[in-house]
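Trainee: My questions all concern the structure below.
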Amino acid sequence: MTRHRRTPITIGIGIAAAVLVGGGIATAMTLNGKDSGPSDDKRIETTLRDFYGTLGTGGAAQAVGQTCAGDRAQYDALPEAQKQAMNQGKVSMKIDAVQGITVTGERATAVTLGTLSLPGAPDSKRSTNEHLRKENGVWKVCSTDGK
């Protein structure tokens, strides 16, 4: 399996092919002061799976709304032509596993293992380091934290 490091806001394969996006997760219900919802590990895994699902079906423009504030600001600052190029090619990542989740306060890291599909290229197995940030109680992919 090949290891790849994610660059801020884009997956660096060929031209900027995709924007990192994290999916929002509903906040957990509280019962007698105890969290009865999923653990942070499960929320982080769900966030990453949602991110790649949105990226694959809706492209970067749709997925960017689910990223942390730093990633959204970086995407918003891109020239319009670059945003359009990022949305032309459909990128998808079939996640096989999310491993090595480490939570430190409002930040987390994890590793996704899966198969990346790019237009005009053979599918390839990937291991990708992920960075996440909790904003308003919701985990979001935050590649700018990986700088």
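The values are calculated or read from the model by the stated rules, or taken from the named source; none is laboratory data. These numbers were taken from a predicted model, which means no experiment stands behind them. Cβ placement follows ideal geometry from the backbone for every residue including glycine, while neighbour counts extend to all protein chains displayed.
Trainee: Please name all residue pairs, on different chains or six or more residues apart, with Cβ atoms under 6 Å, provided the first residue is in segment 82-95 and is free of Cβ contacts under 8 Å to residues at least 60 places away in the same chain and the second residue is among the polar types (S, T, N, Q).
Mentor: Matching pairs, first to second residue: SER92/SER117; LYS94/THR115; ILE95/THR112.
Trainee: Quick check on segment 119-129. Is at least one of its residues modelled with pLDDT of 95 or more, within 19 Å of PRO38 (Cβ to Cβ) and in contact with a Leu (Cβ under 8 Å, 6 or more places away or on another chain)?
Mentor: No, there is no match, as no residue in segment 119-129 is modelled with pLDDT of 95 or more, within 19 Å of PRO38 (Cβ to Cβ) and in contact with a Leu (Cβ under 8 Å, 6 or more places away or on another chain).
Trainee: Considering only residues that are touching an Asp or Glu at 6+ places or on another chain (Cβ under 7 Å) and crowded, with 16+ Cβ neighbours inside 10 Å, look in segment 81-107 and name the one that is nearest to GLU45 (Cα to Cα).
Mentor: VAL98
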